[in-house]
Amino acid sequence: MQKISLPAAAKITSPNPVSIVCTLREDGETNLATVSWWTYLSYNPSMIAYAMAKTSYSGERVRETGKVVLTIPSEALTSAVLGCGSTTGRKTDKVARFGIEMQSLPDCPIRVPAHSCAAIVCDLKEFHEVGDHYLYICNVEQVCADEKERAVFAWNGYSEIRPVKV
Ligand SMILES: Cc1cc2nc3c(=O)[nH]c(=O)nc-3n(C[C@H](O)[C@H](O)[C@H](O)COP(=O)(O)O)c2cc1C
(Lines give C-alpha, C1' and ligand atoms only; values in the text may rest on other atoms or scores of the structure.)
Protein backbone atom coordinates (compact mmCIF):
# COMPACT_ATOMS: atom_id res chain seq x y z
CA MET A 1 0.00 0.00 0.00
CA GLN A 2 1.03 3.63 -0.53
CA LYS A 3 0.53 6.67 1.71
CA ILE A 4 -2.17 9.05 0.38
CA SER A 5 -3.99 12.16 1.65
CA LEU A 6 -7.41 12.04 3.28
CA PRO A 7 -9.06 13.91 0.33
CA ALA A 8 -7.53 11.31 -2.01
CA ALA A 9 -9.08 8.59 0.19
CA ALA A 10 -12.51 10.17 -0.40
CA LYS A 11 -12.15 9.27 -4.11
CA ILE A 12 -11.28 5.69 -3.30
CA THR A 13 -14.24 5.35 -0.92
CA SER A 14 -16.69 6.65 -3.57
CA PRO A 15 -19.60 6.39 -3.90
CA ASN A 16 -20.06 8.53 -0.80
CA PRO A 17 -23.46 9.39 0.71
CA VAL A 18 -25.18 12.65 -0.19
CA SER A 19 -27.72 14.60 1.82
CA ILE A 20 -29.25 18.04 1.51
CA VAL A 21 -29.23 19.76 4.89
CA CYS A 22 -32.33 21.94 5.31
CA THR A 23 -32.35 24.75 7.87
CA LEU A 24 -34.59 27.75 8.57
CA ARG A 25 -33.43 31.04 7.12
CA GLU A 26 -34.11 34.23 9.08
CA ASP A 27 -37.06 34.96 6.72
CA GLY A 28 -38.65 31.55 7.51
CA GLU A 29 -37.78 30.03 4.13
CA THR A 30 -35.47 27.02 3.83
CA ASN A 31 -31.72 27.10 3.24
CA LEU A 32 -30.33 24.05 1.44
CA ALA A 33 -26.72 22.79 1.55
CA THR A 34 -25.18 19.57 0.26
CA VAL A 35 -23.49 17.41 2.89
CA SER A 36 -21.76 14.07 2.35
CA TRP A 37 -20.32 13.79 5.83
CA TRP A 38 -23.33 12.45 7.68
CA THR A 39 -23.91 9.18 9.52
CA TYR A 40 -26.40 7.19 11.57
CA LEU A 41 -25.24 7.15 15.21
CA SER A 42 -27.83 5.28 17.30
CA TYR A 43 -31.19 3.52 16.77
CA ASN A 44 -32.25 3.71 20.41
CA PRO A 45 -32.56 6.60 20.91
CA SER A 46 -32.63 7.59 17.22
CA MET A 47 -29.61 9.80 16.52
CA ILE A 48 -27.59 10.99 13.54
CA ALA A 49 -24.60 13.32 13.09
CA TYR A 50 -23.13 15.44 10.32
CA ALA A 51 -20.08 17.67 9.89
CA MET A 52 -20.09 21.10 8.26
CA ALA A 53 -17.36 23.70 7.72
CA LYS A 54 -17.29 26.28 10.52
CA THR A 55 -18.02 29.02 7.98
CA SER A 56 -21.24 27.48 6.62
CA TYR A 57 -24.48 29.46 6.82
CA SER A 58 -26.34 26.18 7.54
CA GLY A 59 -24.25 25.75 10.68
CA GLU A 60 -25.10 29.26 11.83
CA ARG A 61 -28.82 28.54 11.31
CA VAL A 62 -28.93 25.20 13.14
CA ARG A 63 -26.98 26.64 16.07
CA GLU A 64 -29.52 29.51 16.20
CA THR A 65 -32.79 27.51 15.73
CA GLY A 66 -31.87 24.03 17.03
CA LYS A 67 -33.77 22.49 14.07
CA VAL A 68 -32.55 20.71 10.95
CA VAL A 69 -33.83 18.20 8.39
CA LEU A 70 -31.43 15.96 6.47
CA THR A 71 -32.94 14.87 3.16
CA ILE A 72 -31.66 12.26 0.76
CA PRO A 73 -31.98 13.52 -2.83
CA SER A 74 -33.07 11.51 -5.88
CA GLU A 75 -31.88 11.84 -9.49
CA ALA A 76 -34.36 14.68 -10.17
CA LEU A 77 -32.36 16.80 -7.68
CA THR A 78 -28.91 16.22 -9.23
CA SER A 79 -28.38 19.81 -10.37
CA ALA A 80 -29.78 21.12 -7.05
CA VAL A 81 -27.21 18.99 -5.19
CA LEU A 82 -24.35 20.59 -7.12
CA GLY A 83 -25.84 24.11 -6.96
CA CYS A 84 -26.59 23.96 -3.22
CA GLY A 85 -23.10 22.57 -2.65
CA SER A 86 -21.34 25.47 -4.33
CA THR A 87 -23.21 28.57 -3.11
CA THR A 88 -23.85 29.91 0.37
CA GLY A 89 -27.29 30.80 1.67
CA ARG A 90 -25.74 33.87 3.26
CA LYS A 91 -25.85 35.56 -0.15
CA THR A 92 -28.36 33.48 -2.14
CA ASP A 93 -31.90 32.18 -1.76
CA LYS A 94 -30.99 28.80 -3.27
CA VAL A 95 -34.59 27.55 -3.56
CA ALA A 96 -35.43 30.53 -5.80
CA ARG A 97 -32.11 30.61 -7.66
CA PHE A 98 -32.15 26.93 -8.62
CA GLY A 99 -35.96 26.71 -9.02
CA ILE A 100 -36.25 23.86 -6.50
CA GLU A 101 -39.78 22.51 -5.94
CA MET A 102 -40.48 22.22 -2.20
CA GLN A 103 -42.86 20.18 -0.03
CA SER A 104 -44.08 20.28 3.59
CA LEU A 105 -43.69 17.50 6.15
CA PRO A 106 -46.16 16.79 8.99
CA ASP A 107 -45.40 18.77 12.18
CA CYS A 108 -42.21 20.26 10.76
CA PRO A 109 -41.53 24.00 10.32
CA ILE A 110 -38.82 23.39 7.68
CA ARG A 111 -39.93 22.73 4.08
CA VAL A 112 -37.80 20.25 2.12
CA PRO A 113 -37.16 19.52 -1.57
CA ALA A 114 -39.78 17.51 -3.49
CA HIS A 115 -38.32 14.28 -4.97
CA SER A 116 -36.43 13.46 -1.76
CA CYS A 117 -36.12 9.73 -0.95
CA ALA A 118 -36.06 10.35 2.78
CA ALA A 119 -36.26 13.22 5.26
CA ILE A 120 -34.77 12.89 8.74
CA VAL A 121 -36.27 15.56 10.98
CA CYS A 122 -33.94 16.45 13.86
CA ASP A 123 -33.39 18.58 16.93
CA LEU A 124 -29.79 19.64 17.51
CA LYS A 125 -28.51 17.98 20.71
CA GLU A 126 -24.95 19.31 20.78
CA PHE A 127 -22.12 20.37 18.50
CA HIS A 128 -18.37 19.99 18.80
CA GLU A 129 -15.38 21.62 17.13
CA VAL A 130 -13.55 19.09 14.97
CA GLY A 131 -10.66 20.76 13.12
CA ASP A 132 -12.08 23.07 10.45
CA HIS A 133 -15.62 21.68 10.87
CA TYR A 134 -18.29 21.45 13.55
CA LEU A 135 -19.80 18.03 14.23
CA TYR A 136 -23.57 18.36 14.79
CA ILE A 137 -25.09 15.57 16.90
CA CYS A 138 -28.86 15.37 16.55
CA ASN A 139 -31.87 13.61 18.05
CA VAL A 140 -34.15 12.25 15.32
CA GLU A 141 -37.77 13.38 15.82
CA GLN A 142 -39.32 11.64 12.80
CA VAL A 143 -38.32 10.07 9.48
CA CYS A 144 -40.39 10.30 6.27
CA ALA A 145 -39.68 8.43 3.03
CA ASP A 146 -40.87 8.05 -0.56
CA GLU A 147 -39.78 4.60 -1.69
CA LYS A 148 -40.56 5.44 -5.35
CA GLU A 149 -37.53 7.78 -5.40
CA ARG A 150 -33.98 6.43 -5.94
CA ALA A 151 -31.10 7.88 -3.90
CA VAL A 152 -28.06 9.47 -5.55
CA PHE A 153 -24.48 9.27 -4.29
CA ALA A 154 -21.27 11.28 -4.84
CA TRP A 155 -18.76 9.67 -7.19
CA ASN A 156 -15.13 10.47 -8.00
CA GLY A 157 -14.81 12.11 -4.58
CA TYR A 158 -17.62 14.66 -4.63
CA SER A 159 -17.61 15.84 -8.25
CA GLU A 160 -20.23 13.59 -9.87
CA ILE A 161 -23.74 12.90 -8.58
CA ARG A 162 -25.60 9.76 -9.73
CA PRO A 163 -27.30 6.60 -8.44
CA VAL A 164 -25.48 3.35 -7.73
CA LYS A 165 -25.71 1.04 -10.75
CA VAL A 166 -27.30 -2.37 -10.11
C1 LIG B 1 -21.22 16.52 -3.23
C2 LIG B 1 -20.93 17.57 -2.17
C3 LIG B 1 -20.75 17.19 -0.85
C4 LIG B 1 -20.48 18.14 0.15
N5 LIG B 1 -20.30 17.71 1.44
C6 LIG B 1 -20.05 18.63 2.42
C7 LIG B 1 -19.90 18.21 3.78
O8 LIG B 1 -20.03 17.03 4.11
N9 LIG B 1 -19.64 19.18 4.72
C10 LIG B 1 -19.48 20.51 4.37
O11 LIG B 1 -19.22 21.34 5.25
N12 LIG B 1 -19.63 20.92 3.09
C13 LIG B 1 -19.92 20.02 2.11
N14 LIG B 1 -20.10 20.43 0.82
C15 LIG B 1 -19.96 21.89 0.52
C16 LIG B 1 -21.18 22.71 1.04
O17 LIG B 1 -22.39 22.20 0.51
C18 LIG B 1 -20.96 24.17 0.60
O19 LIG B 1 -19.88 24.71 1.34
C20 LIG B 1 -22.19 25.07 0.72
O21 LIG B 1 -21.89 26.25 0.02
C22 LIG B 1 -22.59 25.43 2.13
O23 LIG B 1 -23.75 26.22 2.05
P24 LIG B 1 -24.28 27.18 3.22
O25 LIG B 1 -23.21 28.23 3.47
O26 LIG B 1 -25.56 27.75 2.67
O27 LIG B 1 -24.48 26.30 4.43
C28 LIG B 1 -20.37 19.51 -0.19
C29 LIG B 1 -20.58 19.90 -1.54
C30 LIG B 1 -20.85 18.95 -2.51
C31 LIG B 1 -21.08 19.39 -3.93
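The values are calculated or read from the model by the stated rules, or taken from the named source; none is laboratory data. Being a predicted model, the structure only gives us computed values, none of them experimental. When we count neighbours, we look across all protein chains shown, and the Cβ atoms used for this are built from the backbone with ideal geometry, even at glycine. Heads up: the accessible areas ignore ligands, DNA and RNA and are worked out on the full protein's heavy atoms, side chains in. Shrake-Rupley method; radii C 1.70, N 1.55, O 1.52, S 1.80 Å.
General remarks:
- Looking at the chain, the accessible area is 56 square angstrom per residue; that uses a 1.4 Å probe and ignores ligands, DNA and RNA.
- Cβ-Cβ distance of Ser5 and Met102, R₀ of 35 Å, FRET efficiency by 1/(1 + (r/R0)^6): the value works out to about 0.40.
- Shape call, the chain: gyration tensor on alpha carbons, a/c limit 1.5: rounded
- Loop trypsin sites (Lys or Arg not before Pro), the stretch 1-92 (other Cβ atoms within 10 Å of the site Cβ: 15 or fewer; DSSP): Lys3, Lys54, Arg90, Lys91
- Surface share of carbon and sulfur [accessible, 1.4 angstrom probe, percent] for the chain: 54 percent
- Measuring between their Cα centroids, the stretch 14-76 and the stretch 78-156 lie 5 Å from each other.
- Net charge of Cβ neighbours under 9 Å - reference Cys122; Lys, Arg +1; Asp, Glu -1: 0
- In the assembled protein chains, His128 presents an accessible area of approximately 80 Å² (probe radius 1.4 Å).
- Per residue, the average separation of C-alpha pairs within less than 8 Å and at least 6 apart gives the chain a relative contact order of 29 percent.
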